[in-house]
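Beneath this line is the structure, given in structure tokens, with notes to follow.
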Amino acid sequence: MLTRAPKGTKDILPEETWKWQAIEKTAADICSEFGYREIRTPVFEHTELFQRGVGDSTDIVRKEMYTFTDKGDRSITLRPEGTAGVVRSYVENGMASLPHPVKLYYFMTIYRYEKMQKGRLREHHQFGVEVFGPEGPGADVEVICLLSMLFDRLKIKGVKLRINSIGCPKCRPVFRETFIKYLEPLYDDLCDACKTRYNINPMRIMDCKSETCSNIVKGAPSVTDYLCRECAVHFEGLKAGLENMGIVYTLDRNIVRGQDYYTRTVFEFVSDNVGAQGTVCGGGRYDGLVAECGGPSTPGIGFGLGMERLFLEMDSCGCPPPGEEPQGPAVYIAVTGREADAAACKLACELRKAGISAETDLMGRSLKAQMKYADKIGAAYTIVIGSSEMDSGSGEIKDMKTGITMSIQISADKIAEIIREERND
RNA sequence: GUGGGUAUAGCUCAGUUGGUUAGAGUGCCAGAUUGUGGCUCUGGAGGUCGUGGGUUCGAAUCUCACUAUCCACCCCA
């Protein structure tokens, strides 16, 4: 217990963290090119926020939340998705009075009590974006465009965009009625899960993967045929906008998504390389959510992208991470005779001040062992300091790649100068 | 919540029809004449064989339960 991380969690070790940093930087750079600013919100929120925001009938709220009562007798939940908290913050901090659109991005951990599987964890990381204000499809196009640019810059080719429109509170009930009427005579043929869905949230039957259900759905009326004029125009605008940007998409009328707050546009980027969990990124429009959370009626759109799934995708298609793996120090200062420790420590520190990475022995090891260590960590140069160097003030610097040594004066300035020269060759 | 596979050293894995001090490779530490890494050689540390019961003279090996892990269903990022 003591030496095992909780189920569904994963350590990200030093050999991986540099990749995370590189990808996060790539995403953050793109966001700032698009004019998005970073927001950081708490890991936990009042449970009610998710019940109201995400929706009581969703699986996320019904069976996947990490909910507990704190010492003040409040019901608290570890965020099971990113949007609700950002919306809460938008309302609470009066962002409604900022010039619109308000464009935000985030990197956050997400918590869901799930059974583990490839590409599915109990704590996972998401990169996400939220836009508040715009009503027209331009914002929908922009966030998809941003994602497309990210995949492009990461050289990811295997993810495919799928879009759909699920209508608005005006037209969805009409479709819903028609859909239910269509299903009624077929009720007995539905799978058990869908029988439950029929009563709670019939729209979800559309993305059931069981053969009988998906056959039933094939013959069902399509949401997109029942959109009200405004929703239809919006959807057409989205498609035209994507085409204008040269972004390839496929219509998938079975995309429903797991949050109740979505209206009109919903979309996913899917891949075959991340196990059975094909969705690398999912998002959509939520025109009623800000009002639902107590703010002024404000349309919004956003997405969440699963970082772990992005890594699976990159690994399986051999995309190298952007950026470079950290190198060893420029200089390793080995010590012989412990009386040189203090001098080595000082020299290392002076080198660092001069912008040269430097390490020295902390383990009290033999000179030979120190050289071995310098080699293993990939130090570019080594210098040995002992009594003779301290007396004479001069010594040797060794290029670890070639093994060639040259004599130098033991001073941070001289060493820094030589290393800079060598680097420029 | 439902199904199936797996569980031996930090890591990757051997381990015969059950047989007594459980192995290899790699990694780690130390040494191979005194102040210089990589190659090589030698030595060392490191395992309650996932946990708990059962069968047996004897279990890493057979059996049951539990736990963990991986994969699929479900759901989602």
Other-chain or far-sequence residues with amide H under 5 Å of A:LYS170's (modelled H): none
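What full-extension length gain, to one decimal in nm, is calculated for A:LYS376 and A:GLU48 as 0.36 nm per residue of separation minus the Cα-Cα distance? Intermediate results must be reported in sequence, preceding the final value.
Working: separation 328, 0.36 × 328 = 118.08 nm, distance 5.29 nm.
Extra length from A:LYS376 to A:GLU48 when fully extended: 112.8 nm.
Within 10 Å of each residue's Cβ, count the other Cβ atoms and sort A:ILE23, A:ILE200 from fewest upward. Please list the in-between numbers first.
Working: A:ILE23 22, A:ILE200 11.
Placing the least packed residue first, the sequence is A:ILE200, A:ILE23.
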Calculated Rg and Dmax of region A:331-418 using C-alpha coordinates, Å: 11.6, 30
Acute angle (nearest 10 degrees) that the helix A:83-92 long axis makes with the longest principal axis of chain A, alpha-carbon atoms: 90 degrees
Region A:1-90, Cα convex hull volume normalised per residue, Å³: 152 Å³
Fraction of antiparallel bridges per DSSP, region A:263-365 only, in percent to nearest 5: 80 percent
Principal-axis tilt of helix A:138-153 within chain A, Cα atoms, nearest 10 degrees: 40 degrees
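Using the structure shown, select from A:LYS71/A:LYS115; A:LYS19/A:LYS155; A:LYS10/A:LYS118; A:LYS103/A:LYS170; A:LYS103/A:LYS160; A:LYS115/A:LYS195 the pairs with a Cα to Cα distance greater than 20 angstrom.
On the way: A:LYS71/A:LYS115 29 Å; A:LYS19/A:LYS155 14 Å; A:LYS10/A:LYS118 13 Å; A:LYS103/A:LYS170 27 Å; A:LYS103/A:LYS160 25 Å; A:LYS115/A:LYS195 23 Å.
Going by Cα-Cα distance, A:LYS71/A:LYS115; A:LYS103/A:LYS170; A:LYS103/A:LYS160; A:LYS115/A:LYS195 fall outside the 20 Å limit.
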Chain A - share of DSSP beta bridges that are antiparallel (%, nearest 5): 80 percent
Local net charge near A:PRO169, Cβ-Cβ under 13 Å (Lys/Arg +1, Asp/Glu -1): +1
Fewest-first ranking of A:LEU146, A:LEU362, A:LEU367, A:LEU238, using other Cβ atoms within 10 Å as the exposure measure: A:LEU362, A:LEU367, A:LEU146, A:LEU238
Label-point gap, in nm, between A:ALA5 and A:LYS118 - each point 7 angstrom along Cα→Cβ: 2.0 nm
³J(HN,Hα) computed for each position of region A:60-74 - Karplus, 6.51 cos²θ - 1.76 cosθ + 1.60, integer Hz, glycine/proline x: 3, 7, 6, 9, 10, 8, 8, 10, 8, 9, 8, 5, x, 6, 9
Calculated over chain A: convex hull of Cα atoms, volume per residue (Å³): 204 Å³
Ranking of A:MET400, A:MET363 by count of other Cβ atoms within 10 Å, fewest first: A:MET363, A:MET400
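Give me the tail of P(r) for region A:269-425 as a percent: Cα-Cα pairs with distance above 29 Å.
On the way: 5832 of 12246 pairs.
Cα-Cα pairs of region A:269-425 separated by over 29 Å account for 48 percent.
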Distance in nm between pseudo-label sites at A:ASP413 and A:GLU92 (7 Å out along the Cβ direction from Cα): 5.5 nm
Cα-projected label distance for A:SER222 with A:SER75, points at 7 Å along beta-carbon direction, nm: 4.1 nm
J(HN,Hα) series, region A:155-161, from Karplus relation 6.51 cos²θ - 1.76 cosθ + 1.60, nearest Hz, glycine and proline x: 6, 8, 10, x, 8, 10, 7
Degrees between helix A:367-376 axis and first principal axis of chain A (Cα, 0 to 90, nearest 10): 30 degrees
Region A:200-275 - Rg and Dmax from Cα coordinates, angstrom: 14.0, 39
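Tell me the net charge near A:HIS234. Cut-off is 11 Å between Cβ atoms, A:HIS234 excluded, with +1 for each Lys or Arg and -1 for each Asp or Glu. Display every interim value, and only then the final one.
Details: positive: A:ARG229, A:LYS239, A:ARG264, A:ARG285; negative: A:GLU135, A:ASP140, A:GLU230, A:GLU236, A:ASP287.
So the environment of A:HIS234 carries a net charge of -1.
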In Hz, Karplus ³J(HN,Hα) per residue of region A:192-197 (6.51, -1.76, 1.60; θ = phi - 60°; x = Gly, Pro): 4, 4, 6, 4, 5, 4
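Only the coordinates and a few stated rules stand behind these numbers; no lab work does. Nothing here was measured: the structure is a model prediction, and the numbers come from that model. Positions of Cβ are backbone-derived with ideal geometry, glycine not excepted, and every protein chain shown enters the neighbour counts.
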